[in-house]
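Notes follow once the structure below has been shown.
The values are calculated or read from the model by the stated rules, or taken from the named source; none is laboratory data. Everything numeric in this text was worked out from a predicted model, so none of it was measured. We place every Cβ from the backbone using ideal geometry, glycine too, and count neighbours over all the protein chains shown. Note: areas computed on protein heavy atoms with side chains; ligands, DNA, RNA excluded. Shrake-Rupley method; radii C 1.70, N 1.55, O 1.52, S 1.80 Å.
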Amino acid sequence: MTFEASVKNLIAKIDEFEKNQDLMKKRALPAQCYFLDKDTVLCYPREKGVSRYPYSCDGRVIWAYSSGCIAIEESTLNIILPATEGKEPNIGFFAGYYDNDVFKDVSLLGTACKTDEKIQKRCAVFTPFAAYYLTYTDSAVFAVRVFMSQDKQACFTLGAFNISGSQIKLGFSSYFDCLLMRQPYEDFEAKWYKSSEIFEDGALMQSVQYIGKGRSNAFYAGLKRILPPNCQTFETASRSDYTGGTNNSLHMSQALKNGRFKKGVRYCEFTEKSIYGDLVYLNLNPQECARADYVLSVKNSYDEAKAAIEKDLTPSALDLGLEAIINQAKTKSLSFEFNNLKDYDLNDDIFNYFISSVMRQVEFCATAKNFAGAFLGVRDIFQQVEAALMWIPEKCRQKIIEAIGFIDESGMPPRQFSYPASKGDIPQMDLRKYIDQGLWIIHTVYNYIAFTNDFTILDEESGYYKLANYTVALSDLKDSVLDHLIKIADYLVSNIDGETGCLRALYGDWNDAIDGLGYTEDADKEFGSGVSIMASLQLYQALNQLSEILLKTQRYPEKASHYQETAKSLKKALMTYGVVSDGANRRILHGWGDKRSYFVGSFQDNDGASRVSATSHAFWALSGLIYEDVTLKKDIVDNFKQLDSKYGIMTFNKGFTPDNTAVGRIGRLPLGTAENAATYIHAALFAAWALFTLGESKFAWDQLYKVMPITHEMISVTPFVMPNSYVYNPEKNMDGESMNDWFTGSGCVLIKVLARCVFGIQPDLDGVNIAPAKYIPSQTAKMSINLKGRNISIIYQNKGAGKRTFYVNNKAYPAAQNEFGIETLRLSNKDLADDINILIED
């Protein structure tokens, strides 16, 4: 479909939607957002916060914000910096027309707009493939389309639709300020190493970044401009020429006010900030449409960037490129559908559309090149992959092999890594020794095999880096994925505390802000004997999983035996040291400091507080250790009740104050924010997962309801994907805001909980358990998945029978009840010889 046709269809769809108030109410999200349909979100301007959507190819991402801010990045390379919270935008599009010889300009994105703009309304529309920004005026409707092409080009189309009864003289203007540097900010030296050169069909922008010892990186961007015939054009390479002065802001641009540039600078470097800006004029007849296209290509050389400008490119080619992206989008092999939801104020459409949107969030994160900044977190990427492998296993397989190649030769993973600029370059990494990173790797590889039955991944070759002494160096060592897992496990086992038999915390675990547990005053040691119970539980599970892989594949039998014995020792240590009691109640510790000098998450911590930790209780159940003493269920549930709050289960209760420095930096976070006695959603969903595991499915559903943004009146970030947290401290005027969105593990855990807990898909290397939640708040529900190469459909129906019956391909099938009353159907790999339909009736 052409740009013109797609925009006209979108305008008509929005017009029809706005006329149907009942439908608008039904599809409403917080923060002035609406689902136009399952895949499309309509966003109107909002007073607080912003929504955003990523468009990516091979890790290069356009971030499109509902505010009109646009950013472009790839790993540590910032092509266009974000400009949130009122900062001057680095990409701007404007349009205007002459009225009585006065040029009236409007912002087409909403950024750098004037307070006296004459517009009727403005909105942003996010589809999975492109963002559209619409601006309505009396004379014309303007549109901007933004998408990332299949060859990693950022594509922008400006359109004007004349809705007046007469011809108008129309003006378009574009503004591009490229950073093109591997840093997340623009310092005072940046302009010295930037240049912009104007060509007939666009501009070539260049940045040089010096990295020391005579080495530098140069980045080149070719901006290709495609215009309709008979246009009058003016260009400038100087920001001050565009704005009218060095200290003028973009919204005060004299060029936009006057409709012309004062100088028309063709080359800019060093003395002024270099940009690309233009003014394009044409006449537009009534009911006609005109468009201008801009394609930004980042290249490795000047000649490649210049060739991108000179390349013959047409508007129809761009439209066909987007059409190809849309047509190549595969139907997901994983899907969920809930109908006739009860007990919760949830609209079926909103809930189902939201789940689909969160799946897009997870898929984007699983294939990304950075997380919450320039780096990619090891634990982050493997958790995302563990969810996304349920519907994009091929991409996840590739990501596992790729990401596992960033660990040290010893098996120690970095905390975060970035992608090297080119082959042979040294990538930037965060080498702080958070103990849990490798645990997520083992867990994810196990689940990849369990879901796909693809053992061949174990033989894939991957490399290493040398990460000794907090420096990064290249390594020539390469071996299999299985050998990587062995090295990771051996590194973890080597960090078991000799006194207690639990895993030392080192720099910290998943709860980043509790980074004091590993501290020691011993001058000859880097870390003390402080322990993370969560990580110890994860190691118990990982060793069992890795042993299962080794026994199944008949490899490294001595390692399998060693890991099994170590897991048994961990079990004994955790039962001995991990559980504390006040005489009437039991609690699972979060951990302790060097030489057990103080506890975190005990009945009396180092600050005298009686404190509960969410993650240690969650992983006692998730690791399987709960089956060694099922009576601990009551204590775990009771402790989760102490953690429950307005926005769901908190990471800690009680919080930490700034003077409690021993436990780490968590006390520097305000009470009620992030991990400090707030709902860090990732942890809340671990807890919900544990509650489902314990058969407390109603309590678990309560948590799902509370943490999903679609159930909130206010959300400060994107309301159609999972945020990372909700803060609550009314004394400090905080109530429901979130730190960020998209780059968060909460989305992937939500999808895993729906698949593995609600519908009960729990595969292992020999088959799969189907153990649906005891309570499902839906009259009917359906899940489809490709499991071990077979299409599995699970349909749930509540007919009020008072008992649960399983049917496999229309035949009643016996189920067993586990320790927590969850009825479980067991299917071996042989049972999965063909596609299967499973019906569950209550």
Fraction of beta bridges assigned by DSSP in the chain that are antiparallel (%, nearest 5): 95
Stretchable slack from A317 to K654, in nm (0.36 nm times residue separation minus alpha-carbon distance): 115.4 nm
Amide H partners (placed H, <5 Å) of T824, local residues excluded: A816, Q817, N818
For the range 155-180 and the range 348-379, distance of Cα centres in Å: 32
Folded to 0 to 90 degrees: helix 348-366 orientation relative to the chain principal axis, Cα: 90
Stokes-Einstein diffusion coefficient of the range 255-411, Kirkwood radius over Cα pairs, 37 °C, 0.692 mPa s, in µm²/s: 152
Candidate lysines for bridging to K525, where Cα separation is under 16 Å - those fewer than 8 sequence places away on the same chain excluded: K433, K595
Dipole-positive endmost among N511, G530, Q541 within the range 498-560 (Cβ charges, Cα centre): Q541
Centroid-to-centroid separation of the range 269-306 and the range 795-828 [C-alpha atoms, Å]: 62
Degrees separating the helix 481-493 axis from the principal Cα axis of the chain, which is the longest one: 60
Solvent-accessible heavy-atom area per residue, rounded to whole Å², over the range 645-768 at 1.4 Å: 28
Förster-model FRET efficiency, 41 Å R0, I163 and E731, C-beta, rounded to 0.05: 0.20
Cα-centred dipole magnitude for the chain, charges only on beta-carbon of K, R (+1) and D, E (-1), debye, nearest 20: 800
Over 27 Å (Cα to Cα) - which of K698/K830; K782/K811; K395/K706 fall in this group: K698/K830; K395/K706
Degrees between helix 3-19 axis and first principal axis of the chain (Cα, 0 to 90, nearest 10): 70
Per-peptide average of other Cβ atoms within 10 Å, ordering 112-123, 39-50 highest first: 39-50, 112-123
Test item: Cα-centred dipole of the range 186-281, Lys/Arg +1 and Asp/Glu -1 on Cβ, debye: 80
Gain upon complete extension [D842, T115; 0.36 nm per residue less C-alpha separation]: 255.8 nm
Theoretical FRET efficiency, 1/(1+(r/R0)^6), r = Cβ-Cβ of E499 and A468, R0 25 Å, to 0.05: 0.40
Computed magnitude of the charge dipole of the range 262-305 (debye, nearest 20; Cβ of K, R +1, Cβ of D, E -1): 220
Mean Cβ neighbour count within 10 Å, used as a protection proxy, ranking 623-633, 709-719 highest first: 709-719, 623-633
18 Å Cα cut-off, lysine pairs counted over the range 155-299 (separation 8 or more, or different chains): 7
Backbone N within the range 339-383 under 16 Å of label point (7 Å from A329 Cα along the Cβ vector): 353-365
Order by protection proxy (mean Cβ within 10 Å, highest first), peptides 556-563, 186-193, 681-688: 681-688, 556-563, 186-193
T824/Y44 FRET efficiency (R0 51 Å; Cβ-Cβ; nearest 0.05): 0.60
Helical contribution to [θ] at 222 nm, DSSP H n ≥ 4, -39,500 (n - 2.57), averaged over the chain, rounded to 500: -8000 deg cm²/dmol
For the range 686-739 versus the range 428-452, the gap between their alpha-carbon centres in whole angstrom: 26
